[in-house]
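The values are calculated or read from the model by the stated rules, or taken from the named source; none is laboratory data. Owing to the predicted nature of the structure, the values given are computational and were not obtained by experimental measurement. Using ideal geometry, Cβ is built from the backbone for each residue, glycine included, and neighbour counts are taken over all protein chains shown. Quick note on the areas: whole protein, heavy atoms, side chains included, nothing else; ligands and nucleic acids left out. Shrake-Rupley method; radii C 1.70, N 1.55, O 1.52, S 1.80 Å.
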Amino acid sequence: MSSRPNDINIDTAGIDALLNGVGARNQQNIAAQRSTDGTTAIRQDGKTAQKPSKFTALLSPADALAFDLLAYELRSVTGRRVEKAEILRALIHIAQTDSQTSRALAKALNRRPAPEA
């Protein structure tokens, strides 16, 4: 013990034994899930699934607020949390399959000023 009264000694001798092999176990789990060709992910059932595309959308504060409010409104209608990515996927699908929605989208985009670069 130290001569100073506020010093604390902590015994860390057992920590190495506790952590021994943890990293190796995690690496084995990850290795079994890695993609073989870089374009697909292997699911637990052995089938492959396409990796989703990622993108960034820059929204004005008003558009971001409207998007948040839409997500909250959809949560109250569906009774569950609705992810924003899920909303975008649904909107894309609706615009592709419903010609009236597609025309309304084109009309809205035609009125909106182009974003500044």
- Flagged in the stretch 88-102 as open to solvent by less than 90 Å² (accessible area, probe 1.4 Å) and either of a type in the set (D, E, K, R) or modelled with pLDDT of 95 or more (or both), in numbering order, are ASP98
- Task: Considering only the stretch 62-81, state which residues are open to solvent by less than 70 Å² (accessible area, probe 1.4 Å) and in contact with a helix residue (DSSP H, G or I) (Cβ under 9 Å, 6 or more places away or on another chain).
- Result: PHE67, ASP68, LEU70, ALA71, LEU74
- Item | The one condition in (1) loosely packed, with under 11 Cβ neighbours inside 10 Å; (2) in a loop (DSSP other than H, G, I, E, B) that LEU59 fails to fulfil | (1)
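Output yes when any residue across the stretch 33-49 is of a type in the set (Ser, Thr, Tyr), open to solvent by 80 Å² or more (accessible area, probe 1.4 Å) and either modelled with pLDDT of 70 or more or in contact with a Leu (Cβ under 8 Å, 6 or more places away or on another chain) (or both), and no when none is. Steps first, please.
Here is the first cut: in the stretch 33-49, the ones of a type in the set (Ser, Thr, Tyr) are 35-36, 39-40, 48.
Subset that is open to solvent by 80 Å² or more (accessible area, probe 1.4 Å): 36, 48.
Then drop every residue that is not either modelled with pLDDT of 70 or more or in contact with a Leu (Cβ under 8 Å, 6 or more places away or on another chain) (or both), which leaves none.
Checked the stretch 33-49: no residue is of a type in the set (Ser, Thr, Tyr), open to solvent by 80 Å² or more (accessible area, probe 1.4 Å) and either modelled with pLDDT of 70 or more or in contact with a Leu (Cβ under 8 Å, 6 or more places away or on another chain) (or both).
Hey, among the residues in the stretch 103-117 that are open to solvent by 100 Å² or more (accessible area, probe 1.4 Å) and closer than 20 Å to LEU58 by Cβ, which one's modelled with the highest pLDDT? Quick ask: steps written out before the conclusion?
Our first condition is that a residue be open to solvent by 100 Å² or more (accessible area, probe 1.4 Å); within the stretch 103-117, this holds for 103, 107, 109-113, 115-117.
Among the residues that remain, those that are also closer than 20 Å to LEU58 by Cβ are: 109, 111-113, 115-117.
Values: LEU109: 85, ARG111: 77, ARG112: 62, PRO113: 66, PRO115: 68, GLU116: 66, ALA117: 57.
Among those that are open to solvent by 100 Å² or more (accessible area, probe 1.4 Å) and closer than 20 Å to LEU58 by Cβ, it is LEU109.
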